[in-house]
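The next block holds one structure in the form of structure tokens; read it before the comments.
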Amino acid sequence: MTDSNPSPRTMLSKIWSDHVVAQEPESPAVLYIDLHLIHEVTSPQAFAGLREAGRQVRRPDKTFATMDHSTPTLALDLNLVNKMAAAQVRQLAKNCKEFGVTLYDLQSDRRGIVHVIGAELGLTQPGMLIVCGDSHTSTHGAFGALAFGIGTSEVEHVLATQCLLQTKQNSFEVRVEGKMDPGVTAKDIILAVMAKIGVDGGNGHVIEYTGPAIRALDMEQRMTICNMTIEAGARAGMIAPDDTTFEYLAGREYAPSGKAWDAAIDHWRQVATDEGASFDRRVTLDAGELEPMITYGTNPSMGMPLGDRIPTLDQFSDVDQRQSVEKALKYMDLEPGQSLLGHEIDVVFIGSCTNSRITDLRLAAGILDGRKVAEGLRMLVVPGSQSVKRQAEAEGLHEIFLKAGAEWREAGCSMCLAMNGDELEAGQYGVSTSNRNYEGRQGKGGRTFLASPLTAAASAVRGAITDPRTLL
Amino acid sequence: MEKFRKLTSHVVPLAEKDVDTDQIIPARFLTVIDKLGLGEHLFEDWRNLADGSPNPEFVLNRPEVQGAQILLAGSNFGCGSSREHAPWALMDWGVRAVISTSFADIFRNNSLKNGLLPVIVEAEAHKELFGIVAQDPQAEVTIDLVSQTVSFGNGHAVNFPMDPFAKLSLLEGVDQLGYLLSMEGKIAAYEASHDGS
Ligand code: SF4
């Protein structure tokens, strides 16, 4: 450090400047990427571009691939998905082999949803710049990394040069004070943030979550929060690394060890936002006031506390906003002013990179233990990775799910985006622990209520939307 | 990437705000391994009724918008996933520019990399444009990237912002990968000073 009294900086600012390779006037910065994650859906055209130009992958050692979006979850057999999906999965294997990229393929015991395995393998580390052709790359920001989704053209850029052109985003602090009550989870925090700032409230920003309620969360809950940050339009979400982060990383496959571990911790401790650093925007929430949340509409910001009623249209002063809520309620076949408690549902989905980790499954199993899924309701439990699956089986959680009448699947994205045949039927209502309730997202004509694993499991037991606090 | 300089066309009006990429191109069409033919499924679930027949109410099915190269969209267009299939599908259908008051960040980036121009106008001009198109579906709008103006109606023109780097790439039709590749020396130097540290 050359300046004896440097002005305080945000974590975003520090990680950004650590990764600038070049910055020419009137041009975006050239940033160096520490970790590039790949999956089958957004990479084929990028590899094709490399092949056509006769280029190589510059740093295969910083590039890791997995199969998750269109893979079958019933069994690990590509005959279970349609021909095009199977061909896309095979294309990834071919590309990785040709370009020397490490791939966790269908048979790998380390395979899973790309954002779940990055963390559990210890690939995701504080201070890193991480990208993936997937908007929920924001998940990795939970470790104090700058992590964001990119498009397929940019995937090709990173494959070829390990660099990306970027313009710096503004900083946005979301501070969560207080302490959550039992029955309230990280999912409820982020749904409440969404409802407060709106589906475009984070556009042009990177959100850093601070405050005692955030510090008290374990890594998996922090990932849930950063994961859904993209739903507010923010490019990335981040949480400063601390002892919770370091404990999670210790001993993981790709985490540093021995002397390198000590050096890494020293470095990682420097990453956090300095005391007194200023943000471009700030919002504060009190976790103590939060209740379990649920969405009623067709974007993730159309959410409310479970006990509330759906807003009436005159509550929206903005005409466009009123029209979109009106359209959403029509799609959902719900009425303004209606309560959702007791609303009958057809399907419950526990899964996705938002809520499919071991602590999520434990929460759901805690509710289902000794209980049954309501008659006629379909419940899918899809672990985020094969490793989460093994852990859950070692703890006997799968038996709780199966005994309750739920389906226990192989890891993958599954009904989060319904590419692999796991989907809602037209008109069905589902309570889902995933992140998007867009029209048709979980199957054409399907209707999604987003909620926490606790609320989803409680609703499965009653066959209708249920406050999990009544079953704790 | 296709060049973009100046474009005059009638427009497709789609007033809805927060249109997400799952609507632009539903996930079940993402199993392709190339970029072609996605226009056929652009807005698939809004375009077709439950029985698979075209929805006569949906704007893309109206005869007067056929051949239009400009989409006039509601605010926060393209939110949701990072799928570049969204701009690919729009371009494959024939759209070369989208006018809105705001765009989701990743969608905007992806569009710029493909020669699809995202044009941001103020709310007032946005409203005026919708009004003009409602009156005359064949009304022409001109987008000039060089002067960064949108003109419509009787010689009415408004400016739109555009970052100079993206502008140059669009005008010349050059892929930004070329720029990154030209940084080879700096990239190697960065790696030399960071690897194994
Ligand atoms: S689980 Fe859903 S949100 Fe996450 S990566 Fe898969 S498809 Fe995307």
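The values are calculated or read from the model by the stated rules, or taken from the named source; none is laboratory data. Predicted, not measured: the structure shown is a model, and the values here were computed from it. Cβ placement follows ideal geometry from the backbone for every residue including glycine, while neighbour counts extend to all protein chains displayed. The protein model used for the area step is the full one, side chains on, heavy atoms only, and it has no ligands, DNA or RNA in it. Shrake-Rupley method; radii C 1.70, N 1.55, O 1.52, S 1.80 Å.
Rounded to the nearest 20, the Cβ-based charge dipole of chain B about its Cα centre (Lys and Arg +1, Asp and Glu -1) stands at 340 debye.
In terms of accessible area, using a 1.4 Å probe and ignoring ligands and nucleic acids, A:248, A:296 rank largest first as A:248, A:296.
At 222 nm, what value in deg cm²/dmol follows for chain A if DSSP H runs of at least 4 each add -39500 (n - 2.57) and the sum is divided by all its residues, to the nearest 500?
Values: 15 runs with 147 residues, N = 472.
Taken over chain A, the calculation gives -9000 deg cm²/dmol.
Residue ranges B:172-184, A:249-261 sort as B:172-184, A:249-261 when ordered by packing (mean number of other C-beta atoms within 10 Å per residue, highest first).
The Cβ shell under 15 Å around residue B:157 holds other residues with a net charge of -4, Lys and Arg each +1, Asp and Glu each -1.
Summing +1 for each Lys or Arg and -1 for each Asp or Glu, what net charge is found among the other residues whose Cβ lies under 12 Å from the Cβ of residue B:137? Numbers along the way, then the final one.
Details: positive: B:62; negative: B:64, B:136, B:140.
Neighbour charge sum, excluding residue B:137 itself: -2.
A simple count of charges around residue A:171, restricted to other residues whose Cβ falls under 14 Å of its Cβ and scoring Lys, Arg +1 and Asp, Glu -1, yields +3. Take every Cα pair under 8 Å whose residues are at least 6 apart in sequence, average their separation, divide by the length of chain B, and the relative contact order is 26 percent.
Please tell me which of these pairs span more than 18 angstrom C-alpha to C-alpha: A:97/B:186; A:62/A:97; A:327/B:127?
Values: A:97/B:186 29 Å; A:62/A:97 15 Å; A:327/B:127 20 Å.
From A:97/B:186; A:62/A:97; A:327/B:127, over 18 Å: A:97/B:186; A:327/B:127.
Inter-part distance, the range A:307-337 to the range A:244-301, computed on C-alpha centroids, equals 34 Å. The orientation-averaged projection of the convex hull spanning the C-alpha atoms of the range B:7-160 amounts to 8.7 square nanometres. Ignoring aspartates and glutamates fewer than eight residues from residue A:179 along the same chain, the ones with Cα atoms less than 13 angstrom from its Cα are A:188, A:286, A:289, A:291.
Ignoring ligands, DNA and RNA and using a 1.4 Å probe, state the total buried accessible area between A and B in Å², rounded to the nearest 100. Display every interim value, and only then the final one.
Numbers: alone 18630 and 10410 Å², together 24290 Å².
Result for this pair: about 4700 Å² buried.
For the protein assembly as shown, the alpha carbon positions stretch 71, 61, 53 Å along the principal axes, listed from largest to smallest.
Protein heavy-atom accessible surface, 1.4 Å probe, per residue over the range B:7-160: 36 Å². Inter-chain neighbour count for B:107-117: the average number of beta-carbon atoms from partner chains within 10 Å of each residue's beta-carbon is 3.
A straight line joining the Cα centroids of the range A:60-109 and the range B:126-162 runs 46 Å.
Quick one: putting +1 on the C-beta of Lys and Arg, -1 on the C-beta of Asp and Glu, what dipole do you get for the protein assembly as shown around its Cα centre, in Debye to the nearest 20?
On the way: 60 positive and 87 negative charges, 162 e Å.
That gives a dipole near 780 debye.
With only the Cα atoms considered, the range B:89-146 has a convex hull volume of 100 Å³ per residue. Partner aspartates and glutamates whose Cα lies under 19 Å from the Cα of residue B:3, excluding those fewer than 8 positions away in the same chain, are identified as A:154, B:84, B:92, B:144, B:163, B:172, B:175.
For residue A:168, the lysines whose Cα falls under 19 Å of its own Cα, not counting residues fewer than eight places away in the same chain, are A:14, B:113, B:167.
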